[in-house]
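Rule-based calculations on the coordinates, nothing more; no lab input. This one's a predicted model, so the numbers in the text were calculated from it and none came from an experiment. No Cβ is skipped: glycine too gets one built from the backbone with ideal geometry, and neighbour counts run over all protein chains shown.
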Ligand SMILES: [Cu+2]
């Protein structure tokens, strides 16, 4: 028993000493080697805890190795030919049980205090629902009815080493999470498909995003700036491709931003509810078809024989409105036909209607158009 304990203890101290020696050598790069202090009161508390415990380990290491080396030096065979034969020493054994126990308690007290303040789930000034998807994040500002996806924007050529990698390689997104400085922001974190994890080191937040559960995290960031994090739970093929970028701005700038977002959401909702005519949808749909579909289905809707089916005269496009919505929303498993569900309701309706009205399809089929409300309905029925 004693042997096992001293073995573990000496492993611990050796590790500490090796670490200390390394850090000493790299003293100039100490800051890079050490944990960062982060940007919030909590992250600094975590840093202080880390340093406190680090120095406790250093002290223990110095003490234990000091005694060890001293004994090796002071009790050599030459100096001390007759070894002592004592066995068991209750006092010493009590001491090496009680002292580590006290040290552990001394470390647990500040650690628990910090943990307690981390696990505060009271409402924030701003409350944001964070949803993990394979492989992107969705953010919903609960007070303001604003919601958007945040997608990786790193160029595929950088990923495949065709061009040099940029400064923020795999750490850049199309839409950042914007939050006001100095305000409590609460994140309600969950996932839509598999387990992800929302990790923002500068805020000392690392919270699992689990389907069907809502975990909370909170922060108050004093300094405006850009902060970057990533998904930190292996969530499938593109796990490394779903970064997090948070932009902290002053309250005025935040108000402007959220108002813009709200206005855009209202404009989009109005467009969605509007009564669209076939001609209006076709007009909008044409350019969407060109950017999203021609690579496979071709400008004339004929497709490429044997690879990409023609949409001109396709049964689905002629007579199966519901089926076509489903194909566009879900994609076709195992085929090059991916889901286009990231298009807005208006865009989705427009591109589908374009295919139903072009190349003589309107005359040959049922000629029905798909309006944005159909897409809204499809999404609602799915939930
Ligand atoms: Cu993930």
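Worth a mention:
- Using distinct alpha-carbon pairs, which all enter the 1/r mean, Kirkwood radius of the chain in Å: 26.2
- Dividing the C-alpha radius of gyration of region 275-382 by 2.2 N^0.38 Å, with N its residue count, gives 0.97.
- Tilt relative to the chain, helix 345-357 - C-alpha long axis, 0 to 90 degrees, to 10: 40
- Rounded to 5, percent antiparallel among DSSP beta bridges of the chain: 75
- Taking packing as the residue-averaged number of other Cβ atoms within 10 angstrom, the listed peptides 136-142, 304-310 run from highest to lowest as 136-142, 304-310.
- nm² value of the averaged projected area, convex hull over the Cα atoms of region 209-336: 12.8
- For the chain, the longest principal axis of the C-alpha atoms and the axis of helix 251-273 are separated by about 30°.
- Cα long-axis angle, helix 41-74 against the chain (0 to 90 degrees, to the nearest 10): 30
- With the highest mean first, a sort of the peptides 92-98, 311-317 on other beta-carbon atoms found within 10 angstrom per residue produces 311-317, 92-98.
- Hull volume per residue, based on the alpha-carbon atoms of region 214-256 and their convex hull, is 116 Å³.
- When the chain is treated as a GNM with alpha-carbon contacts under 10 Å, the residue of 235, 57, 296 showing the greatest mean-square fluctuation is 296.
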